[in-house]
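Notes to accompany the following structure.
Since every read-out is calculated from the coordinates, none of them should be taken as a lab result. All values reported here derive from a predicted model rather than from experimental measurement. Cβ: placed from backbone, ideal geometry, glycine included. Neighbour counts: every protein chain shown.
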Amino acid sequence: MKVSFISAKPVTNGIAVLPVFDGGKSFGSVEDYIKAGNGQYMAAVKAAKFKGKSSQAFDIYAPSGVKTPRLHIVGAGDKAKFDAEMFAAGVTKSLLFSGETTVTFHLDGIGLTADQAARAAVGARLAAYRFDHYRTKLAKDKKPSLTTVKVAFDSQSMAKKAYDNFHGPICDGVVYARDLVNEPPNALYPKAYANRVKKLADLGLKIEVLGEKRMNTLGMHALLGVGLGSERESQLVVMRWDGGKKGAKPAALIGKGVTFDTGGISLKPGSGMWDMKGDMGGSAAVVGAMIGIAKRKAKANVIGVIGLVENMPDGKAQLPGDIVKSMSGQTIEVQNTDAEGRLVLADALHYTNTKYKPVAMIDLATLTGAIIVALGHEHAGVFSNNDGLADQIASASSASSEKSWRLPLTPAYDKLIDSPNADMKNIGGREAGSITAAQFLQRFVGNTTWAHIDIAGTGMKNKRSDPRETTFGTGFGVRLLNHWIADNYEG
Ligand code: BES
Ligand code: MN
Ligand code: ZN
């Protein structure tokens, strides 16, 4: 979608979207169109039995007095509660196959901030996102016709600034993350993934890739153990953005990148297993976040680290009962090879913490099915050893509309992963599965301020109710992380 911001005048092409508020009493710039059309608009409102409720909409084609070919009049409900992003997303979804290429949202004269006007463009872009490039036989009318979104706003330059400097680059990151999650596992295996990330050097990111040899030297046997059954070489990719003060400690983002999770020898059931191509959603969020950070030239130092492995059963695969030594020196009894994400993160977290000494680290992972039992697909689960960081995440979460909810970490839960055979085991049992997974991670972060966000329910979705989420890959986390960096490290 091409995005632009224009001044508020009746447009001469495409569809003009006119929101109507408060039971049809508040019109904003719709009035320009109404005046031009004399009595035609009011007659149409009456004929359409239009009351301005959200979800109500009707069209006037070839209205008199203006050159606009089509007016799309949409109920927008209570003006005080208006969410321009959701409004634009819902309308874009409904017009995506309309045959028109251009949609203009008239958001002038209704008291919106420039930020909200910019977010309307984001809503439209997210709702127009598709992942169609493997579909060679898609009929023309099954392809979206909309290619351009325009937002008409009182101070167009302010809205453009908010979009160009903040929302637009972050949206680019969301789109990139969605693509990664949607890619099939034969296209996106660890090395192919690392090669894609290398290209992001064009944005000014410094990229470093560690292969198995290097990781072996470093002693990352928790991560390497997961990849033993795979023909594909495991990778650890470090992305670095130095936009802040020279020498200032970075904030660190760490992502689980299991490019496919069969469960390994603790094999998952076959039905529905395909969606484990999305088990790299945490890493995709980190890559997308780094794209947003680089493209908006954030004045902060940020490190992104992703652990990329494929979890496969094989003669060489690790076995339930194996004991591996992590880079931290702590030993782990692998009682279930399907609890692999925490093994990957254990070494990625320890490496990040000891090598870069970050001020704070946040990891994202599609870590547990149990978080879906607890929170469904609505909220991500947040775990932290620091109340201040948990509060920062809560506000970044509401600012970005990527919802999250905190769960506890305590010594009593931590005990559940003690093992008689090693320093710990990688599963805690059926109860509190998301919490014991987080307790496991906590054993690898030392005293560093840290949070873990379990996005198993929000990073990939097969059912959709939000018009901004059009495909399996949601890109969840990209926006939250950018708000977190912007609010706490760029001041
Ligand atoms: N990748 C899965 C978690 C997952 C499940 C993500 C469903 C998205 C949807 C993870 O590696 C896993 O298999 N976890 C196990 C842990 C168990 C063996 C302790 C799980 O949740 O069942
Ligand atoms: Mn697993
Ligand atoms: Zn997994």
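Would you work out which of Ala8, Ala48, Trp241 lies farthest towards the positive end of the dipole of the chain? Charges go on Cβ: Lys and Arg +1, Asp and Glu -1. Farthest towards the positive pole: Ala8. Is the chain rounded, prolate or oblate when judged by the Cα gyration tensor, a ≥ b ≥ c being the square roots of its eigenvalues, rounded requiring a/c under 1.5 and prolate requiring a/b larger than b/c? Because a/c hits 1.5 or more and a/b exceeds b/c, the chain counts as prolate.
Counting Lys and Arg as +1 and Asp and Glu as -1, what is the net charge of the other residues whose Cβ lies under 11 Å from the Cβ of Gly90? Neighbourhood net charge equals -1. Checking the a/c ratio against 1.5 first, then a/b against b/c, what shape does the Cα gyration tensor give for region 373-453? Verdict is oblate for region 373-453.
Secondary structure note: in the chain, about 40% of the DSSP beta bridges are antiparallel. Projecting the Cα atoms of Thr470, Ser94, Tyr413 onto the charge dipole of the chain (Cβ charges, centred on the Cα centre) puts Ser94 farthest toward the positive pole. As an exercise, use a Förster radius of 51 Å and the Cβ-Cβ distance of Leu138 and Asn421 to find the FRET efficiency, rounded to the nearest 0.05. That gives a FRET efficiency of 0.40.
If you place +1 on the Cβ of every Lys and Arg, -1 on the Cβ of every Asp and Glu, and leave all else neutral, what size is the dipole of region 2-155 about its Cα centre, to the nearest 20 Debye?
On the way: 22 positive and 13 negative charges, 120 e Å.
So the dipole magnitude of region 2-155 works out to roughly 580 debye.
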